[in-house]
1. Between Trp131 and Ile204, what length in nm is gained on full extension when 0.36 nm per residue of separation is reduced by their alpha carbon distance?
2. Can you tell me the relative contact order of region 109-251? Whole percent, Cα pairs under 8 Å, sequence separation 6 or more.
3. Please report the projected area of region 109-251's Cα convex hull averaged over all directions, in nm².
4. Can you work out the Karplus-derived ³J(HN,Hα) for every residue in region 138-151? Use 6.51 cos²θ - 1.76 cosθ + 1.60 with θ = phi - 60°, whole Hz, and x for glycine or proline.
5. State the extension gain, in nm to one decimal, for the chain segment bounded by Asp170 and Met149, taking 0.36 nm per residue of separation less the distance between their alpha-carbons.
6. Which pairs in the list Lys141/Lys245; Lys209/Lys245; Lys141/Lys173 are over 19 Å apart, alpha-carbon to alpha-carbon?
7. Hey, what do the phi angles of region 208-213 turn into as Karplus ³J(HN,Hα) couplings, whole Hz, using 6.51/-1.76/1.60 and θ = phi - 60°, x for Gly and Pro?
8. Within 10 Å, count the other beta carbons around each residue, average over each peptide in 215-228, 118-131, and list them highest first.
Amino acid sequence: MQPQNPGPGQTPGQQPQPGYPVQPGNQPVPYGAVPPLNTPGPQPLPTYPAPNNADPSAYEFIVNPSHTSAKKIPLSGIPKPLILVIIILVVLTLGFAAFAAIRGSGNKNVAEYFSIVQQQAEIQRLSQIAWTQQTVSSDTKADALTTRMTVSTDSAQLTAFLAEGGVKFDEKKIALGQDVLANKTLDAAITTGTFDSAFNKILIEKLTKYQQSLQTTYQNISSQTGKQILSASYDHTTLLIKQAKQDSPAAD
């Protein structure tokens, strides 16, 4: 038996090793090495005809990802009454959301708001009593008039804000905040001729307590509009207290 001639890449006496065959004209591949695969490059995706009665542009987002423009929803098939109902529902939803935001801020602190409105009404009532008195000083009349007009304006702004949120107070319940002791004190002061000093003392006490309520409620509410109204009322009250103290008979 004649020895076989060594194949390409083999030395004499070496047994042929299993591996990849060597094609003519190619370089030999060492044993154990993986020859490069002669695979074809990427092929284009096959195209298929669109189904019957289908719009080919409907599949544009698949074959052409760069085409991202959304198709408009046709409204021609929707009845006009239905479109009108949808619009009304949207408007009502948005309006209810705004209403709930205002009402929520009001109802959360409704007791504090009521206390402020009640104090405003009482300060106006006492100021009106002083304004109608004939035997009082001009300073007392000026303080009474300025206080009544200022507090009345602040009260109107606050109640209008609360009304927007659906919060309204009964006038009879507001009137329950009248100070009976203050009434007796002023009645006695009219008899003794000391109305100026009596009213001045009561006015400063009422305004100071009212200002404290404004500050407390301001800290407890979240509505920016409510805060602005209370802040303005607080500043106005500061001026009223300052003026009342300057006009106090005890300061003379």
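Nothing in this text is a laboratory measurement; each read-out follows from the coordinates by a stated rule. Computed from a predicted model, the values in this text were never measured in an experiment. Heads up, the Cβs are rebuilt from the backbone with ideal geometry, glycines too, and the neighbour counts pull from every protein chain shown.
1. Numbers: separation 73, 0.36 × 73 = 26.28 nm, distance 1.59 nm.
That pair, Trp131 and Ile204, stretches by 24.7 nm at full extension.
2. Details: 129 pairs, mean separation 47.4, N = 143.
Result for region 109-251 is 33 percent.
3. Values: hull surface 32.7 nm².
Dividing the Cα hull surface by four gives the mean projection, 8.2 nm².
4. Each residue of region 138-151 in turn: 5, 5, 5, 4, 5, 5, 5, 5, 4, 5, 4, 5, 5, 5 Hz.
5. On the way: separation 21, 0.36 × 21 = 7.56 nm, distance 2.16 nm.
Net length gain for the segment: 5.4 nm.
6. Numbers: Lys141/Lys245 14 Å; Lys209/Lys245 15 Å; Lys141/Lys173 28 Å.
Cα-Cα > 19 Å for Lys141/Lys173; rest within.
7. Coupling constants for region 208-213: 5, 5, 4, 5, 5, 5 Hz.
8. Details: 215-228: 14.8, 118-131: 19.9.
Per-residue Cβ counts within 10 Å, averaged per peptide and sorted highest first, yield 118-131, 215-228.
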